[in-house]
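Student: Can you read through this structure? Questions will come right after.
The values are calculated or read from the model by the stated rules, or taken from the named source; none is laboratory data. The model shown is predicted, which means the values in this text are computed figures rather than measured ones. Please note: Cβ atoms are built from the backbone with ideal geometry, for glycine as well, and neighbour counts cover all protein chains shown. Ligands, DNA and RNA are excluded from the accessible area calculation, which covers all protein heavy atoms including side chains. Shrake-Rupley method; radii C 1.70, N 1.55, O 1.52, S 1.80 Å.
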Amino acid sequence: MSEEDHSNRISVVRLALYLYPLGIGAVGINLFFLSLIFSWIGWPVMSPYLAMAGGVVLGYPFAYPFARHIRYLMDKADGLLD
């Protein structure tokens, strides 16, 4: 792969920003369902709005490792990792 092709790669940070909306939804749903499970031991159930706010806060930190994995798979497919 030439130096020019290497410079046109998408960065992990940009990939994570693209995946952030998915992270918001995934974290929000999981927080809500986790609160439903904890309601079995007497904890209050989280409102869907509070769960989505948690998704907004925690969506990017959870999207970043996934973006790193996607970047690894893209590099592997391009033959950069041999």
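Student: Counting Lys +1, Arg +1, Asp -1, Glu -1, what net charge surrounds Val13 among other residues with beta carbon under 15 Å of its beta carbon? Provide the component values of the computation, followed by the final result.
Tutor: Working: positive: Arg9, Arg14, Arg68, Arg71; negative: none.
That sum, taken over residues with Cβ under 15 Å, equals +4.
Student: Among Pro21, Phe38, Ala51, whose Cα projects farthest towards the positive end of the dipole of the chain, with charges put on the beta-carbon of Lys, Arg (+1) and Asp, Glu (-1)?
Tutor: Projecting each Cα onto the dipole axis, the largest value belongs to Phe38.
Student: What FRET efficiency would be calculated for the residue pair Ala77, Leu17, taking the C-beta separation as r and a Förster radius of 35 Å, to the nearest 0.05? It would help to have the intermediate numbers written out before the result.
Tutor: Values: r = 21 Å, r/R0 = 0.61.
Computed FRET efficiency for Ala77 and Leu17 comes out at 0.95.
Student: Also, I was wondering about something else. Residue by residue through the range 53-66, what is 3J(HN,Hα) from phi via Karplus (6.51 cos²θ - 1.76 cosθ + 1.60, θ = phi - 60°)? Round to whole Hz and write x for glycine and proline.
Tutor: With coefficients 6.51, -1.76 and 1.60, one gets 5, x, x, 5, 6, 9, x, 5, x, 7, 6, 5, x, 5 Hz.
Student: Please give the charge dipole size of the chain, origin at the Cα centre, charges +1 on K and R Cβ atoms and -1 on D and E Cβ atoms. Round to the nearest 20 debye. List each step's numbers first, then the result.
Tutor: Numbers: 5 positive and 6 negative charges, 82 e Å.
Here the size comes out at about 400 debye.
Student: In whole Hz, what ³J(HN,Hα) sequence does the range 32-42 give by Karplus (6.51, -1.76, 1.60; θ = phi - 60°), x for Gly and Pro?
Tutor: 4, 5, 5, 5, 5, 5, 5, 5, 5, 9, x
Student: For the chain, which whole-number percentage of the solvent-accessible area (1.4 Å probe, protein heavy atoms only) is attributable to carbon and sulfur atoms? Working shown, then result.
Tutor: Working: 4120 of 6040 Å².
The nonpolar share, carbon plus sulfur, comes to 68 percent.
Student: Fully extended, how many nm does the chain gain between Arg68 and Tyr49 (0.36 nm per residue separation, minus their Cα-Cα distance)? Could the numbers behind the result be given before it?
Tutor: On the way: separation 19, 0.36 × 19 = 6.84 nm, distance 2.90 nm.
My answer for the length gained is 3.9 nm.
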